[in-house]
1. Quick check: from the Cα gyration tensor, does segment 29-160 come out rounded (a/c under 1.5), prolate or oblate?
2. With only Lys, Arg, Asp and Glu charged, each at its Cβ (+1 for the first two, -1 for the last two), find how big the charge dipole of the chain is about the Cα centre; round to the nearest 20 debye.
3. Using +1 at the C-beta of Lys and Arg and -1 at the C-beta of Asp and Glu, which of His80, Gly192, Pro30 has the Cα lying farthest in the positive direction of the dipole of the chain?
4. Provide the net charge surrounding Lys24, with neighbours chosen by a C-beta distance below 12 Å and charges set as Lys +1, Arg +1, Asp -1, Glu -1.
5. Can you give me the distance in nm between label points at Lys31 and Phe102, each placed 7 Å from the Cα along the Cα-to-Cβ direction?
Amino acid sequence: MNTALTPLSTEEIQQFITNGFLVKRNILDPKLCAAARDRLWAGNTSSHLRRDDPQTWLNGLPEADRQSTPDGMNDRTGDHGWRLRELSGDEDLINLLPRRVFPWIEQLLGKGEVVIPEVSSSAADPDPRGSRLRGWPVWGGKELRGMYCVLPRERKSDSPSLADAARAGAHIDPEPMHLVAIGYVDKVPKDGGGIALFPGSHRLLYEAEPDSVDLA
């Protein structure tokens with residue numbers, strides 16, 4: 001998928017300003033998405049999760065399987081999460097998302113106002129500069145956060161809806177940032193996925209604690 005993305009329209013830019021986000025579909029290279037999935041499962045050290053058995057993805061990780069490497073680059077310490085930060089600077093992933101949408105980011109924030117994504121690792125050497133926690137804004141925003149998996153849960157009839165659960169967990173990350181780009185690398189069922197978006201919440205969170213964030 002070498003075709004450049006069409007610039008954001010005036011209406012889309014206004015939607016971003018009003019709602020705090022944009023949802024764009026079918027913009028990522030399917031081959032790079034497949035490569036990202038392969039790279040994720042190549043980093044699987046879980047004794048429980050199996051790529052060819054989706055039943056192992058349901059309802060969280062067993063407590064004994066909630067482990068992390070000492071540097072946090074392969075982290076399964078959450079009950080429903082797996083964060084593979086060792087892919088933060090991987091060339092395929094940098095090409096998949098940040099370089100792909102970079103023109104849009106400059107459209108929204110201005111040319112020269114955004115750091116340029118950088119390749120800093122490879123599949124053969126995921127951390128060439130030595131052991132460190134990767135993929136956080138404190139490193140200058142030049143990398144990804146990594147590949148993040150939120151494992152699916154079966155909703156019981158009396159459990160909160162996804163929207164209610166997401167509202168209860170709404171928060172601001174401590175590191176200042178202007179904009180976040182998130183991409184799904186596989187199909188997500190209706191009412192599924194690892195992110196919830198609430199129109200206008202960027203303003204509500206900022207007004208609640210204006211000194212804690214640097215929002216666009």
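1. Note, shape of segment 29-160 comes out prolate.
2. Computed about the Cα centre, the dipole is about 480 debye.
3. Pro30
4. Once positives and negatives cancel, what remains is +1.
5. Simple spin-label model gives 2.0 nm for this pair.
The numbers here are math on the coordinates, done by the rules we state, and not lab data. Fair warning: this is a prediction, and the values are worked out from it, not measured in the lab. No Cβ is skipped: glycine too gets one built from the backbone with ideal geometry, and neighbour counts run over all protein chains shown.
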